[in-house]
Amino acid sequence: MLVVDDDAMVRAGLSMVLSVDPTITVVAEAPGGAEAVIAATRHRPDVVLMDLQMPEMNGVEATRRVRAAVPSVAVLMLTTFHLDTHVLDALRAGASGYLLKDVAPQELCHAIHLAASGESAFSATITRQLVARHTRTANDSATAKARQTLAALTDRERAVAEAVAEGASNATIAKALFMSEGTVKTHISRALTKTGLDNRVQLALMVFQAQQNSW
């Protein structure tokens, strides 16, 4: 676990909270984006807890560089406001989810475990609002492209992708669609390959984009 925040008090507080969970080990802390890239490359943590707003290199660019240096790492963003438009940029840069800075300790640990296991930690409702807000200021080409890409998936792959967009876990999807968790993972993997996306959060964003103005 790597903790990244430009505020030393916040870093110390997060590390203390995480120390309560014996399955989470903080291997390093970083005061900024550039230092985060170096620390991630050196320690190769499973998860990075990244502050969104930092001077010099913000969390979005740091996420992009960390993911490029260590593709296997999952990045969780920390933000002060749910509707911070930079959250959407961070998710598109490869973050596995986002949390408010005042998140309860047990929720924080749960989100870290989800990210470490390859799942995501985000609010489907809030993320949909972010996509809708962005779409209002853009043209319809992004929505048309997302719909075309989604149409290239099989019915089962599309059903799984839509369930992912609602924030469902692999176990929940498996139960709802009457398939094994292994099959769910296979469908997600194939959907990511066909769409050229990196993770399930980006897959969810594509689904949200495709659904704009359709309800």
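So how many residues does the range 1-31 have that are in a loop (DSSP other than H, G, I, E, B), within 21 Å of Val103 (Cα to Cα) and of a type outside the set (S, T, N, Q)?
Kept after step one, since they are in a loop (DSSP other than H, G, I, E, B), are these residues of the range 1-31: 1, 5-7, 19-27, 31.
Next cut, within 21 Å of Val103 (Cα to Cα) only: 1, 5-7, 19-26, 31.
Of the ones still in play, those that are also of a type outside the set (S, T, N, Q) are 1, 5-7, 20-22, 24, 26, 31.
Summing the residues that are in a loop (DSSP other than H, G, I, E, B), within 21 Å of Val103 (Cα to Cα) and of a type outside the set (S, T, N, Q) in the range 1-31 gives 10.
Which residues, counting only those in the range 92-135, are under 22 Å from Gly196 (Cβ atoms) and touching a strand residue (DSSP E or B) at 6+ places or on another chain (Cβ under 7 Å)?
Gly94, Ala95, Ser96, Gly97, Ala115, Ser120, Phe122
What number goes with the only condition from (1) in a helix (DSSP H, G or I); (2) touching a residue at least 12 places away in the same chain (Cβ under 8 Å); (3) of a type outside the set (S, T, N, Q); (4) in the same structural domain as Lys185 (by TED's automatic domain parsing) that Gly167 does not pass?
Every listed condition holds for Gly167 apart from (1).
Can you name the residue in the range 185-200 that is closer than 9 Å to Glu157 by Cα and hydrophobic (A, V, I, L, M, F, W, C) and is also surrounded by the most Cβ atoms within 10 Å (Cβ to Cβ) among such residues?
By that ranking, first place goes to Ala191.
Of the conditions (1) under 19 Å from Leu203 (Cβ atoms); (2) modelled with pLDDT of 85 or more; (3) in contact with a Ser or Thr (Cβ under 7 Å, 6 or more places away or on another chain), Ala69 satisfies every one except a single condition; which number is it?
Every condition holds for Ala69 apart from (1).
Among the candidates Leu52, Leu83, which residue alone is modelled with pLDDT under 95, in contact with an Asp or Glu (Cβ under 7 Å, 6 or more places away or on another chain) and either surrounded by fewer than 22 Cβ atoms within 10 Å (Cβ to Cβ) or assigned by TED's automatic domain parsing to the domain that holds Ser117 (or both)?
Sole residue among the options that is modelled with pLDDT under 95, in contact with an Asp or Glu (Cβ under 7 Å, 6 or more places away or on another chain) and either surrounded by fewer than 22 Cβ atoms within 10 Å (Cβ to Cβ) or assigned by TED's automatic domain parsing to the domain that holds Ser117 (or both): Leu52.
Return the residue satisfying two criteria in turn: it lies in the range 86-121 and is in contact (Cβ under 8 Å) with a residue 24 or more places away in the chain and among the acidic types (Asp, Glu), and of such residues it is surrounded by the most Cβ atoms within 10 Å (Cβ to Cβ).
Checked the range 86-121; the qualifying residue surrounded by the most Cβ atoms within 10 Å (Cβ to Cβ) is Glu119.
The values are calculated or read from the model by the stated rules, or taken from the named source; none is laboratory data. Everything quoted here is computed from the prediction, not taken from an experiment. Here the Cβ is made from the backbone with ideal geometry for all residues, glycine too, and neighbour counts use every protein chain on show.
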